2 protein chains.
Amino acid sequence: MGEACHHADGVHPGLKGQALKRALGAAESRCADTQERLTPPRRRVLELLLESDGPLKAYDLIAAYGEAGEPAKPPTVYRALEFLERLGFAHRIESLNAYVPCRLEADGHMAAFLICDCCGAAQEFEPDLAPALVAAKAAGYAVRSVTLEARGRCPACPE
Amino acid sequence: MGEACHHADGVHPGLKGQALKRALGAAESRCADTQERLTPPRRRVLELLLESDGPLKAYDLIAAYGEAGEPAKPPTVYRALEFLERLGFAHRIESLNAYVPCRLEADGHMAAFLICDCCGAAQEFEPDLAPALVAAKAAGYAVRSVTLEARGRCPACPE
DNA sequence: CACCGTTATGAAATAACATAACGCGTCGTC
DNA sequence: GACGACGCGTTATGTTATTTCATAACGGTG
């Protein structure tokens, strides 16, 4: 998260208490709607992502998994992440090898992030990708998903 | 490359013979212009990328490095890749952990790829990113670089 | 309830990807 | 010819992710 910079990353403060409960509850509901199960490991990984102030690496999650400090086994976390991504509850940021909870309302949207090289904050946003993909259509590609990661400097970080 | 699909990936056939020589020569020239050195390991890694029909993983390069089958040491290849990326001779595709030679004319362009989930082909293209980044500017981000990776199905692959 | 197919978890090991750290040689400069 | 910058080779290690096999939980059907 903010290790590389003295500034708060501030963009998406981690959830706690009621807000966290609400977010987890919303996830439960959406699972119920779609016959999917928010099982304990999946719920735990989502909770860790929601609590965090910034992107978490898989092995951060593995280390933090146990309530009493015992790490999870890697596949436990990787499987949960796969599930959470499939349902749109989380996104992987390829250029960081890290994960964030989804912060947007819309379902099935494409993952796009503004990543601050200074403070490490990763802000999800909704880009207008249509013009960018005109060339793809022209080339005959059927685009199924897009990831866009813009690196730069966030408003809170200095020149 | 095409392992997952019986179709030729055809998009960027690897270079051979004269075409390969020309491409390497062009890289030499551009290095000479900028006081950079296309040393033997750098040249060899670029050659392997240019010869390939599709994206190569770092350990593919490591395995193929020696003319007589001896592998390179990992840092040799990673250092060469870092150099080639810095000069714009190669790009890393994050979602594949793989590398391709740059196929575009323009210097300093942003890396954008259409990746076929079926045959593994990765076609570089030049997207119109301005509309997508309007939201970034509005949020106060100073964007320095962008990677865009679109997954889907290429024209040569079946339904 | 007994069964079975499906889905998910637990655990061990290992594979795949990437970098740190050190020392040596070469080259350009003063 | 001393120096510094750069690049290379090498060893070792760190980080990220998957394979494999075994077990457990759930949901439907007779």
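What follows draws every value from the coordinates through simple rules; no lab data is involved. The structure displayed is predicted, hence computed values, not measured ones. Cβ coordinates were reconstructed from backbone atoms using ideal geometry, including for glycine residues, and neighbour counts include every protein chain displayed.
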Within region B:83-98, track down each residue that is surrounded by fewer than 15 Cβ atoms within 10 Å (Cβ to Cβ) and away from chain A (no Cβ under 14 Å).
-> B:R86
Being within 16 Å of DNA strand C (Cβ to nearest atom), surrounded by 19 or more Cβ atoms within 10 Å (Cβ to Cβ) and either within 26 Å of B:S29 (Cβ to Cβ) or not polar (S, T, N, Q) (or both) narrows it down to one of B:A132, B:A80, so name that one.
-> B:A80
Would you call B:A112 within 13 Å of chain A (Cβ to nearest Cβ), touching a residue at least 40 places away in the same chain (Cβ under 8 Å), aliphatic (A, V, I, L, M) and crowded, with 20+ Cβ neighbours inside 10 Å?
-> no
For region A:17-71, which fully contained helices (runs of 4 or more DSSP H) count at least 2 residues that are more than 13 Å from DNA strand D (Cβ to nearest atom) and either at negative phi or away from every other protein chain (no Cβ under 14 Å) (or both)?
-> A:17-33, A:40-51
Check whether at least one residue in region A:99-106 is under 20 Å from B:E94 (Cα atoms), surrounded by 18 or more Cβ atoms within 10 Å (Cβ to Cβ) and touching a Pro at 6+ places or on another chain (Cβ under 9 Å), and report yes or no.
-> yes
Within region A:142-159, the residues that are free of Cβ contacts under 8 Å to residues at least 24 places away in the same chain, more than 7 Å from every other protein chain (Cβ to nearest Cβ) and crowded, with 16+ Cβ neighbours inside 10 Å are none
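Can you find a residue that is buried (at least 17 other Cβ atoms within 10 Å of the Cβ) and facing chain B (nearest Cβ under 9 Å) anywhere in region A:116-124? Break it down stepwise before answering.
Within region A:116-124, the first condition is being buried (at least 17 other Cβ atoms within 10 Å of the Cβ), and the residues that meet it are A:116, A:118-124.
Among the residues that remain, those that are also facing chain B (nearest Cβ under 9 Å) are: A:116, A:123.
Scanning region A:116-124, I find at least one residue that is buried (at least 17 other Cβ atoms within 10 Å of the Cβ) and facing chain B (nearest Cβ under 9 Å), so the answer is yes.
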Among (1) more than 7 Å from every other protein chain (Cβ to nearest Cβ); (2) under 22 Å from B:E126 (Cα atoms); (3) over 20 Å from the mean Cα position of the chain (by Cα), which single condition is A:A139 missing?
-> (1)
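Given the criteria within 13 Å of DNA strand C (Cβ to nearest atom) and within 26 Å of A:G120 (Cβ to Cβ), does A:K57 qualify? Before you say what the answer is, go through the steps one by one.
Numbers: within 13 Å of DNA strand C (Cβ to nearest atom): yes; within 26 Å of A:G120 (Cβ to Cβ): yes.
Yes, satisfied.
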